[in-house]
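Asker: One structure coming up, written as structure tokens, with questions to follow.
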Amino acid sequence: MSKCKILTIVCLCNAIVFMQWPNATAAGAADFTQANSTRSDSTRSDSTQANSMQTDSAQIFKRIPVDTAPDKLNMDAVYNRPFLTAGVLPVAIGGYVEANTNYRQTNGISEGTSFQARRFTLFVSSTIASRIKLLTELEFEDGTREINLEFAAVDFEFHPLLNLRGGILMNPIGAFNQNHDGPKWDFIDRPLSATTLLPATLSNVGFGLHGKHYQHNWVLGYEAYLTNGFDDKIISNTLNRTSLPEGKMNPARFEENASGLPMYTAKFAVRHRQIGELGLSVMSGVYNKWKSDGIVLDKKRSVTALALDFNTTMLSGDLYITGEVAKIFIDVPDTYSQTFGSEQLGGFVDIIGTVFKGSIFDWENARLNLGVRLEYVDYNQGTFNETNGNIADDLWSIMPTFAFRPTATTVLRLNYRYQHQRDLLGNPPAKTGAIQFGISTYF
Amino acid sequence: MNTTFTIPHVTSNVIAMFCAAILLIGCDAILPSAPNDADVLDGPVDALSSAQHAQFLRGDVAFNDDVFTAATGLGPIFVATSCGSCHAGDGKGHPFTTLTRFGQGDENGNAYLDRGGPQLQNRALPGYTPEQIPGGAPFTKLTPPANTGLGFMELVSDADIIAMSDENDADGDGVSGVPNWRPLVSYLSAHQNSIPTNEQYIHRFGKKAAAYNLLHQTVNAYNQDIGITSIFEPKDVYSGVNIEPEVSASVIHDVVFYLQTLKVPVERNPNDEAVKNGKRLFIQIGCDNCHKQTLKTAYSPVAALRNKEFHPYTDLLLHDMGKGLDDGYTEGSAKTYEWRTPALWGLGLSQNSQGGEYFLLHDGRAKSITSAIVMHGGEAAMSTQKFQALTEAEKRDILKFLEQL
């Protein structure tokens, strides 16, 4: 079957979904927009409508919508999600699901069409006492291939500027790591720089402080945590490149720190209510097993990641731009292979425009968005010792998207990716095209 | 259900155009197509059976995707972390993956085997120290060759190789050519068509023709390049003691089969007039005295390889290449100034695996085909002089011929 036919079938299925979508399911819509819901106050009415259209099961639960006030920072994303709560119980639950089709072809070779159950995520939050709260996030990836407890932390608020957080927390490096819920994004794939350079979702056990300060149109926020860190797999992995994501694969990191030395992560963010948010973050620690049984095996080798993130909304919420750039420094032994780079750089920019908002099939506040993601990752910045020539191992990608949001918390997405990826030597790139259709929704 | 769907006309046009663009993108014309088969070196020979294709794919994965780590036996001293690291796209290697061998200054064997010879493992896992070349030891640098068509060269009969040799230059053309005679290592069996002399066998792979066959080459590469032991070569390069196999025999056999069944490069523009003239001049100035155009395979259990003519432009023999290319290091019965004629097929695609540049001759010292030609000495000196005496247009035709191989 040609790819055109397959795509036509996908589009027909899409149309059938549109035609048969039960009206009642629209009840799942709590007010929400991409990246902390800072796009427009006009969508606030979604939650009101949604609450008035609850299904029978919703008679048991009360929907807690997302706070869309334009003073939220990325650091708030973990709690600023739609939840369901029952009666006066101090516990709320929530979550999201996402699935998609995937057709990918590299240099003319394709493994065909696959259907992917990317994630099913459950949140449970609890107000333990006044100014003491807990949130957990349990994620099932690719069915049950990966089950991760991505967040399970308790917050103690002593003062808005002084909160203690402890448990399994998401390191605040860049913006995406803390603000990664599928329904927030108009793209099926997560940004490459956030997942293959920075290792979203990165969770670690630790403790730290966070707080916010409001001053007129400005919001300032900070986070600072000490956690367990990475391990030697950063430079000893089957990807054959320096990889922070590989360095977080050790499941034992939730009970033992490979290096025995805390990794610190700190972020400072500032938002102007009319302009947008800018965040600067750093994460650094020793990653190698430098000592065992009291015997020093190697020098302490550090990994440091710096990230700059931003987001802004324009045209009354109809144009949204977000992105982040990350630079990583890794202490790789001089005598090791240059296949494993000591510096990496990458980033992405998403530009999303709403081309229609209004009633579509009775979803009163539906949106049709067009957008594009631009990505670049250099996994190995440097030059060969032997030739002084550039080490490549890089890629760029452009990904247009068409997204239909019947409600703010649900999205149907059609994506195309075009990508060039070069090997270490900079040989002719592998050219990849990918077509995906997917759904993602909070519940 | 009220199916109101009131999108403004302009907006609907924008959406329609966008969807049309996506649909167009979804068609073959926009999804990246495969490069022309003649423009790439990887891929299997035609007419493999399903079972053979499956083994080829297993070997392909082991060769190109299996990356060794400390946990899977890498090193602890090594040159590369995988087979594919040194042979991108099954093509020639880059100075980054160039390896160094040391310790043998004549045909009487390597005097530095107890000090890390014959190969320098110049990289090491954290906490370990890479090898250093012992002071005074002769050494050479060797750029990884292309893998393409190796299975065909493996099947050239000893009789054919001997027929091409002319140790005493009986025909008086200034070109001799001798095989590299060596005893077989213990895990190898002699080929059915072998013609041993004094228990010495013709070896044919490697820059000095020091490897007997692709099993020998593969086992050596796992051991000396990656530091991986096998049942064939259980000696750990770091400790010097025998340890458990770190790669299974079946994986090695799959890799060998992969190398045996890689397709041969094909000429990409043989009917071009300049190319035809270049080929004529190539023969006229004597390049084909060593770079033999056509060889043939003997029997193989793989039908796709059996009794085939092929065009590698090599005679698989050692030739004196002169003082300029004499690094003072050798292997087997080769002299330090002797090098096995490299196959020229795929030469024009070298840049696609060498990062966009040429790194030619045994150690990559030649940055262009012309440079490689003029660096030929010894038995090739006469041909080099004839090449330099050609007009610029004639030289260009020879280069066009070589670049389309």
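The values are calculated or read from the model by the stated rules, or taken from the named source; none is laboratory data. Computed from a predicted structure; not experimentally measured. Neighbour counts run over all protein chains shown; Cβ positions are idealised from the backbone, glycine included. Side chains are part of the model used for accessible areas, which takes the heavy atoms of the whole protein and leaves out ligands, DNA and RNA. Shrake-Rupley method; radii C 1.70, N 1.55, O 1.52, S 1.80 Å.
Asker: Just from its helices, what would the mean residue ellipticity at 222 nm be for chain A, if runs of 4 or more DSSP H residues each count -39500 (n - 2.57) and the sum is divided by every residue, rounded to the nearest 500 deg cm²/dmol? Don't skip to the answer; put the middle values down first.
Answerer: Working: 4 runs with 33 residues, N = 443.
Helices in chain A give a 222 nm mean residue ellipticity of -2000 deg cm²/dmol.
Asker: So between B:T129 and B:E273, what do we pick up on full extension, going 0.36 nm a residue minus the alpha carbon distance?
Answerer: Numbers: separation 144, 0.36 × 144 = 51.84 nm, distance 5.55 nm.
Length difference between fully extended and current span is 46.3 nm.
Asker: Next question, about the same structure. Just to be sure I follow: if Rg is taken over the C-alpha atoms of segment B:351-403 and Rh is the Kirkwood radius over the same atoms, what is Rg/Rh? Please report the intermediate quantities before stating the final value.
Answerer: On the way: Rg = 11.8 Å, Rh = 11.8 Å.
Taking Rg over the Kirkwood Rh, I get 1.00.
Asker: Rounded if a/c is under 1.5, else prolate if a/b beats b/c, else oblate: with a ≥ b ≥ c from the C-alpha gyration tensor eigenvalues square-rooted, which is segment A:193-277?
Answerer: Details: a/c = 4.05, a/b = 1.89, b/c = 2.14.
Because a/c hits 1.5 or more and a/b fails to exceed b/c, segment A:193-277 counts as oblate.
Asker: Kindly report the accessible area of the protein assembly as shown per residue (heavy atoms of protein chains, probe 1.4 Å, no ligands, DNA or RNA), in Å². Please list the in-between numbers first.
Answerer: Working: 34570 Å² over 848 residues.
Value for the protein assembly as shown: 41 Å² per residue.
Asker: Report the net charge of residues surrounding B:L349, where surrounding means a beta-carbon distance below 14 angstrom and charges are Lys +1, Arg +1, Asp -1, Glu -1.
Answerer: Working: positive: B:K92, B:K263, B:R268; negative: B:D37, B:D39, B:D42, B:D90, B:E267, B:E357, B:E403.
Taking every Cβ under 14 Å from that of B:L349, the sum is -4.
Asker: Using a 10 Å cut-off on Cβ to Cβ distances, tally the other chain neighbours for every residue of A:239-246 and report the average as a whole number. List each step's numbers first, then the result.
Answerer: Details: counts 2, 10, 1, 0, 0, 0, 0, 1.
For peptide A:239-246, the averaged partner shielding equals 2.
Asker: Quick one: which of B:92-105, A:369-382, A:129-142 comes out on top by average Cβ neighbours within 10 Å, and what's the full order, highest first? Could the numbers behind the result be given before it?
Answerer: Numbers: B:92-105: 23.1, A:369-382: 20.2, A:129-142: 15.9.
Final packing ranking: B:92-105, A:369-382, A:129-142.
Asker: Something else about it: Tell me which of A:Q344, A:S126, A:T401 sits at the most positive position along the dipole axis of segment A:3-442, charges placed on C-beta atoms (Lys, Arg +1; Asp, Glu -1).
Answerer: Farthest towards the positive pole: A:T401.
Asker: Add -39500 (n - 2.57) for each DSSP H run of 4 or more in chain B, then divide by its residues: what number comes out at 222 nm, to the nearest 500 deg cm²/dmol?
Answerer: Values: 10 runs with 102 residues, N = 405.
The helix contribution divided over chain B gives -7500 deg cm²/dmol.
Asker: Within 10 Å of each Cβ of B:91-97, how many other protein chain Cβ atoms are there on average?
Answerer: Numbers: counts 2, 0, 1, 8, 6, 11, 5.
Counting Cβ atoms of other protein chains within 10 Å of each residue's Cβ and averaging gives 5.
Asker: Shifting gears a bit: Add +1 for every Lys or Arg and -1 for every Asp or Glu among the other residues with Cβ under 11 Å from the Cβ of A:N74, and state the total.
Answerer: Details: positive: A:K72, A:K184, A:K267, A:R271; negative: A:D76, A:E223, A:E277, A:D309, A:E324.
Its environment carries a net charge of -1.
Asker: What total accessible area, in Å², is buried where chains A and B meet, using a 1.4 Å probe and rounding to the nearest 100? Could the numbers behind the result be given before it?
Answerer: Working: alone 19270 and 19360 Å², together 34570 Å².
Looking at A and B, the buried total is near 4100 Å².
Asker: Right, here's the next one. If R0 is 25 Å, what FRET efficiency do you get for B:Q200 and B:T294 from their C-beta distance, rounded to 0.05?
Answerer: Details: r = 27 Å, r/R0 = 1.09.
The value I calculate is 0.40.
Asker: B:K92: which lysines have alpha carbons under 17 Å from its alpha carbon, excluding same-chain residues fewer than 8 sequence positions away?
Answerer: Once the sequence-local lysines are set aside, what remains near B:K92 is B:K141, B:K207, B:K208, B:K263, B:K367.
Asker: Taking the simple approach of a point 7 Å from Cα along Cα-to-Cβ for both B:S189 and A:N385, what is their distance in nm?
Answerer: That separation, rounded to one decimal, is 4.3 nm.
Asker: Can you pull the three principal axis extents for the Cα set of the protein assembly as shown, in Å, largest first?
Answerer: 102, 67, 47
Asker: Kindly report, to the nearest 10 Å², the accessible surface of A:I275 as traced by a 1.4 Å probe over protein heavy atoms only.
Answerer: Approximately 100 Å² of A:I275 is accessible to the 1.4 Å probe.
Asker: Taking beta carbons within 10 Å but only from partner chains, what does the mean come to for residues A:423-435? Kindly include the intermediate steps, with their values, before the conclusion.
Answerer: Working: counts 6, 6, 15, 6, 10, 9, 1, 1, 5, 2, 7, 1, 6.
Mean partner-chain Cβ count within 10 Å for A:423-435: 6.
Asker: While we're on this one: Excluding B:T81 itself, what net charge comes from residues whose Cβ is under 11 Å from its Cβ, given Lys and Arg +1 and Asp and Glu -1?
Answerer: Once positives and negatives cancel, what remains is 0.
Asker: Taking one equal scatterer on every alpha-carbon of segment B:59-116, how large is log10 of I(q)/I(0) by Debye at q = 0.30 1/Å?
Answerer: -1.15
Asker: Right, next: Would you work out the charge dipole size for segment A:335-394 about its Cα centre, treating the Cβ of every Lys and Arg as +1 and the Cβ of every Asp and Glu as -1, and quote it to the nearest 20 debye?
Answerer: On the way: 3 positive and 9 negative charges, 60 e Å.
For this selection, approximately 280 debye.
Asker: Ok, one more. Of B:L259, B:N213, B:A304, which is farthest towards the positive pole of segment B:186-320's charge dipole, taken about the Cα centre with +1 and -1 on the beta-carbons of Lys, Arg and Asp, Glu respectively?
Answerer: B:A304
Asker: Place a +1 charge on the Cβ of each Lys and Arg in the protein assembly as shown and a -1 charge on the Cβ of each Asp and Glu, then give the dipole magnitude about the Cα centre in debye, rounded to the nearest 20. Working shown, then result.
Answerer: Working: 68 positive and 90 negative charges, 443 e Å.
Roughly 2120 debye, rounded to the nearest 20.
Asker: What size of dipole, in debye to the nearest 20, comes out for segment B:62-115 about its Cα centre when the only charges are +1 on Lys and Arg C-beta atoms and -1 on Asp and Glu C-beta atoms?
Answerer: Numbers: 3 positive and 6 negative charges, 32 e Å.
The calculation lands at about 160 debye.
Asker: Over the Cα atoms of chain B, Rg to Rh with Kirkwood Rh, two decimal places? Write out the running numbers ahead of the final one.
Answerer: Working: Rg = 24.4 Å, Rh = 23.0 Å.
With Rg and the Kirkwood Rh in hand, the quotient comes to 1.06.
Asker: Shape of segment A:3-442 from its Cα gyration tensor (a ≥ b ≥ c, root eigenvalues): rounded if a/c is under 1.5, otherwise prolate when a/b > b/c, or oblate?
Answerer: Oblate is the answer for segment A:3-442, as a/c is 1.5 or above yet b/c matches or exceeds a/b.
Asker: Now a separate question. Quick one: pull the percent of accessible area on segment B:45-403 belonging to carbon and sulfur, 1.4 Å probe, ligands and nucleic acids left out. All intermediate terms of the calculation are to be shown ahead of the outcome.
Answerer: Working: 7390 of 14650 Å².
Of all accessible area on segment B:45-403, carbon and sulfur atoms account for 50 percent.
Asker: In addition: If a/c stays under 1.5 just call it rounded; otherwise compare a/b with b/c (prolate if a/b is bigger, oblate if not). Do that for segment B:267-351, with a ≥ b ≥ c from the square roots of the Cα gyration tensor eigenvalues. Write out the running numbers ahead of the final one.
Answerer: Values: a/c = 2.24, a/b = 1.21, b/c = 1.85.
Oblate shape, in that a/c is at least 1.5 and b/c is the bigger or equal ratio.
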